[in-house]
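A short reminder: the numbers here are calculations on the coordinates, not readings from a lab. Since this is a predicted model, take the numbers as computed values, not measurements. Neighbour counts run over all protein chains shown; Cβ positions are idealised from the backbone, glycine included.
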Amino acid sequence: MARMPLLAVASTALLLVLFVSAPPCRAASGGGPPAVLLPASKDDATQQYVTMFRQRTPQAPVKAVLDLAGATLWVDCEAGYVSSSYARVPCGSKACRLAKSNACATSCDGAPSPACLNDTCGGFPENTVTHVSTSGNIITDVLSLPTTFRPAPGPLATAPAFLFTCGATFLLEGLAAGATGMVSLSRARFALPTQLAATFRFSRKFALCLPPAAAAGVVVFGDAPYVFQPGVDLSKSLIYTPLLINPVSTAGVSTKGDKSTEYFVGLTGIKVNGRAVPLNTTLLSISKKGVGGTKLSTVSPYTVLETSIHKAVIDAFAAETSMIPRAPAVAPFKLCYDGSKVGSTRVGPAVPTVELVFQSEAASWVVFGANSMVATKGGALCLGVVDGGATPETSVVIGGHMMEDNLLEFDLEGSRLGFSSSLLFRQTTCNNFRLG
Ligand SMILES: *[C@@H]1O[C@H](CO)[C@@H](O)[C@H](O)[C@H]1NC(C)=O
Ligand SMILES: *[C@@H]1O[C@H](CO)[C@@H](O)[C@H](O)[C@H]1NC(C)=O
């Protein structure tokens, strides 16, 4: 009795809700909304990107940290989780197998609650900021996300049985104030992109537009035009590069043989002011052991480079900026300038471009001053790359600052990453995204 009804109930309830709330004009194939979204804002104290959604019955707002890694959504189920609609994912069920769980919480003596259930599939929620993980029940509950963005928050689409993992209160340590979990945007089966696509029957892809401050950026799941005020449509103008799969898991807890669920890209070189920086290209490929290569991470505030790459980029950038007066280095950065002596442009401080060159020369992500330079409190302006040490697991980690006010499309179906370069160039920002 435990196995099948979950899914049956889920799809019936889903149809009912969507017939009521879906806009009249929608994708012909499914019955659901063509897209749902999450707001994204930057928490200044931690430099994490946080979001807000509605979960449970009665629906409660939940604040959580966005993460391109991770396996599922996880929230603290120990404190303040009140809901009449949660259900356990039984050990040995199809969902439990799909979640690649081989953990099972067989019995719990206390009063039943999301954190205390019998015969429940188990997961290993990880705080990817502090790299602390624990074990927790895998359960389902109602999750609601908006279907439009601007001018008003639109109608909500509801997933009646959204699968997630129960974290613990101690796991929240290190997250932005008020956050009670993390939203995984990884390629894992039950991370948001794939689970939402399966629930609402839209494309397995999402677009990420991170704001540089508390302003509202957005994560758009499914099939939506990428329209920004004033009248900028980026849907057809993204540049694409293949997404790569690292054959070895990069998560804190994994099973031998697991592939990484993070997003890797084939960086082949870096240019500064149009000139190639000499790099050890072996570091740019992913080895059989899963070491090396380039990934994107929203929990890394700045781009992190293996030591020799870091030095080469710093040296090249210094050589191209010998006319700009320097300032003492401000940790964690090595190369800083007197901010008052740097001109400004529409795309940030007037400094040489940094180009991330992918497999094809034509597909290069041009990084302008707004995304390469970091203004420090003391008035210095520093090249925002950090030394990741001589033996990091991944050689290049493209961090949040470099992604801000850029539109990035993670197309899991097409296995490609689309990027726009700076929206400032087109006189708009992530804050101007609109849908509906
Ligand atoms: C688990 O099962 C045992 C034995 O049937 C029962 O005593 C206990 O209350 C159950 N626990 C929960 C949380 O339902
Ligand atoms: C390039 O990097 C690889 C991997 O770390 C290393 O084995 C090799 O010695 C490096 N080559 C040079 C010329 O430094």
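At 222 nm, what value in deg cm²/dmol follows for the chain if DSSP H runs of at least 4 each add -39500 (n - 2.57) and the sum is divided by all its residues, to the nearest 500?
It comes out at -3500 deg cm²/dmol, rounded to the nearest 500.
Need one number: convex hull volume per residue for the chain, Cα atoms only, in Å³.
139 Å³
By the gyration tensor of its Cα atoms, with a ≥ b ≥ c the square roots of the eigenvalues, what is the shape of segment 390-436: rounded for a/c under 1.5, prolate for a/b over b/c, or oblate?
Note, shape of segment 390-436 comes out oblate.
Order by neighbour count: Ile239, Ile314, fewest other Cβ atoms within 10 Å first, most last.
Ile239, Ile314
In whole angstrom, how far apart do the alpha carbon centroids of segment 257-309 and segment 118-196 sit?
27 Å
Name the residues whose placed amide hydrogens come within less than 5 Å of the amide hydrogen of Gly269, ignoring near sequence neighbours (fewer than 5 apart) on the same chain.
Val357
Which of Trp365, Trp74 has the fewest other C-beta atoms within 10 Å, and how do the rest follow up to the most?
Trp365, Trp74
Once the convex hull of the C-alpha atoms of segment 239-434 is built, how many Å³ does it hold per residue, rounded to a whole number?
133 Å³
Restricting things to alpha carbons, tell me how big segment 71-219 is in terms of Rg and Dmax, in Å.
Here Rg and the maximum Cα pair distance are 15.8, 49 Å.
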